[in-house]
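K.L.:
For reference, the structure I am asking about is given below.
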Amino acid sequence: MEKIPYDQIINIQRKVNIVDVISGYLPIEQRGKNYFAICPFHDDHNPSMSISPEKQIYTCFVCGASGNVFNFVMNYEKISFVEAVAKVASIAGINLSIKAPHKSRNKDDTYSKFYGMYELANKYYQNNIKTLYGKTAISYLKKRNIDESVIKEFEIGLSLNDNNVTKLLKNKGFNEDDLIDIGICGKKDDFVYDVFRNRIMFPIHDSDNKVVGFSGRIYNGESESKYVNSKESVIFKKGKILYNYSRALNEAREKKQIIIVEGFMDVIRLYTIGIKNVVATMGTAITKEHADLIRRLSKNVILCFDGDSAGQKATISALQMLENIGLEPKIIRLEDGLDPDDYIIKKGKEKFQNHLINAMSSLQFKLYVNKEHTDFNDYKQISNYINSVAKELEKIDDKVVYELTIKKLSKETGVDIDTINSLLKNIPKKKPELITKPLKVKKSKYEMAEEYLIYYMLRSKEAILQYQNDVAYLTNKNLAMIAIKILDFYEKKGYINITDFTLFLEDNDVLINEVLRIDSFDLPDEVDVNVIKDYVKTIDEGILNSEIKKIKEQISAESDVAKKVILLEKLATLKKKECK
């Protein structure tokens, strides 16, 4: 692996702010002097990852993930430390000419031919729409208020009825079977043909902005299916991809909001009215993978699915999935059963924006759905309605919302407020969700002395020199390695601080996590030489006790009398040391 000089790593780190870098990946919020984010390294529901601008490190209080800016990028993007340094360097405006390690490129190398096929096909389709053959398609798009700037932004193209994509890709050396497997071509009676013919083409990009599929739409009065979509493949999984994700990334974080729609035409339509913080599920139900992607964009989510009954079912399903990961989406329900694309065309930008401003809370939406399916002439259905609302009210903490909902419920049903309140008291309160934290293991005074000594070695040369002169070794292997690294760092640099030392450890996550765990101890920062001496004395005592225990075990296991006598003499010597 190519090595980057430590001084260069330090220089890069000092030209970026870890808060700015992480905010490019996750929504963050400030609390006091630190920032917090949903931890991407475990199934986090509440922001548990703290980011310190002062120390330039991050720490998750639940799963223990921690490190500096390079460790975050390395672990988030699953790339090597060297690649992470290069990525952060580019953010700092520093160009590093390095070769990426072969191991980390294996996946891209495996799939690069497939990305290449789609990229070439995408360019071919985009070129087609600019030719004479594309005039009718351009006219169709303009009638739907999609102008040339939008066509260019979304890389909209055109497939023709000439089988030229198959010919082009085969001439470029791509394998026929691969073209069929990846979904660009089909085969019938030994004839290989273009899957997409006479359609306006909308490329689908993954989160890395690589083309992984297409959706082709009829436009000239054809009788075939309205849309033809790429089949799922090794690079295209609908359950793992949100349309427009890579474009919406910065917009969502800037506006602190993400809008979820069903279709890619809905996304494009919202773009035409200046709303760019939007992604689409492409007609499939929101999956756990989708939910995780959404959570990385913003915790302020608005669901705007089609206004018909199918859209309502999709909204209920999406709401449940997002609530499962700790999000509380708002909901837009469009009248007349319209989807966002048709709604904006027929009713205009202002009416849609009014929906956006007045989006329903999840509680309001659930009440709306329950009310819609209740016959208020049927007492049993009224009772079921009140009970369903009561269960939802048990989940909320906002007293004002609670009171207003109770009054509204009483007015709708004619049931007295006191009666509804009494019913609520009979429903068990929802137990607060427990955050599972790593169990604290009770440690001996010897183990604690080793950790406390490391704590002060990370802060002062006095503790480092005390360790160097008076400590034989540390029994904890990780702490022993950290101590050696501290000595090495101090010898080379002549100083010690947490931030620079974690950079010195590069990609050793185990040691970095240990260093930052110990650094979080609630101990005085001021170094007391006498306290350090006490730690050293306790460590020596622990080593001696460990050696005595080991000798005793050997004596018990030894059957040879002569050897046992030698061991007893060793034990006596150790006991004398213990008495001093």
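The values are calculated or read from the model by the stated rules, or taken from the named source; none is laboratory data. For clarity, every value in this text was computed on a predicted model and none was experimentally measured. Every residue, glycine among them, receives a Cβ derived from its backbone with ideal geometry; neighbour counts consider all protein chains shown.
K.L.:
Can you tell me which of (1) at pLDDT 90 or above; (2) under 22 Å from Asn513 (Cβ atoms) is the one Lys78 doesn't meet?
P.N.:
(1)
K.L.:
Looking at the range 302-356, which of its residues are crowded, with 19+ Cβ neighbours inside 10 Å, out of contact with any helix residue (DSSP H, G or I) (no Cβ under 6 Å at 6 or more places or on another chain), of a type in the set (Val, Ile, Thr) and more than 13 Å from Leu270 (Cβ to Cβ)?
P.N.:
Listed by number, the list holds a single entry, Thr315.
K.L.:
Which fully enclosed strands (runs of 3 or more DSSP E) of the range 25-101 have 2 or more residues being of a type in the set (S, T, N, Q)?
P.N.:
49-52
K.L.:
Here are Ile275, Ile302, Ile345: which of them is assigned to a loop (DSSP other than H, G, I, E, B), closer than 25 Å to Glu153 by Cβ and not assigned by TED's automatic domain parsing to the domain that holds Ile204?
P.N.:
Ile275
For every residue, the table says whether it meets (1) modelled with pLDDT of 90 or more; (2) assigned by TED's automatic domain parsing to the domain that holds Leu511; (3) in contact with a Pro (Cβ under 6 Å, 6 or more places away or on another chain); (4) in a helix (DSSP H, G or I).
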| position | (1), (2), (3), (4) |
| --- | --- |
| Asp397 | no, no, no, no |
| Arg459 | yes, yes, no, no |
| Thr475 | no, yes, no, no |
| Met481 | yes, yes, no, yes |
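K.L.:
Can we say Lys391 is under 21 Å from Gln312 (Cα atoms) and of a type in the set (D, E, K, R)?
P.N.:
Answer is yes for this residue.
K.L.:
Just wondering, is there one or more residues in the range 316-336 that are within 14 Å of Ile260 (Cβ to Cβ), among the basic types (Lys, Arg), assigned to a loop (DSSP other than H, G, I, E, B) and not assigned by TED's automatic domain parsing to the domain that holds Phe202?
P.N.:
Looking for residues that are within 14 Å of Ile260 (Cβ to Cβ), among the basic types (Lys, Arg), assigned to a loop (DSSP other than H, G, I, E, B) and not assigned by TED's automatic domain parsing to the domain that holds Phe202, one finds at least one in the range 316-336, hence yes.
K.L.:
Can you tell me which residues in the range 149-180 are more than 19 Å from His205 (Cβ to Cβ), touching a helix residue (DSSP H, G or I) at 6+ places or on another chain (Cβ under 8 Å) and of a type in the set (D, E, K, R)?
P.N.:
Within the range 149-180, Lys170, Lys172, Glu176, Asp178 qualify.
K.L.:
Can you tell me which residues in the range 208-230 are part of a loop (DSSP other than H, G, I, E, B) and surrounded by 15 or more Cβ atoms within 10 Å (Cβ to Cβ)?
P.N.:
Lys210, Ile218, Tyr219, Ser230
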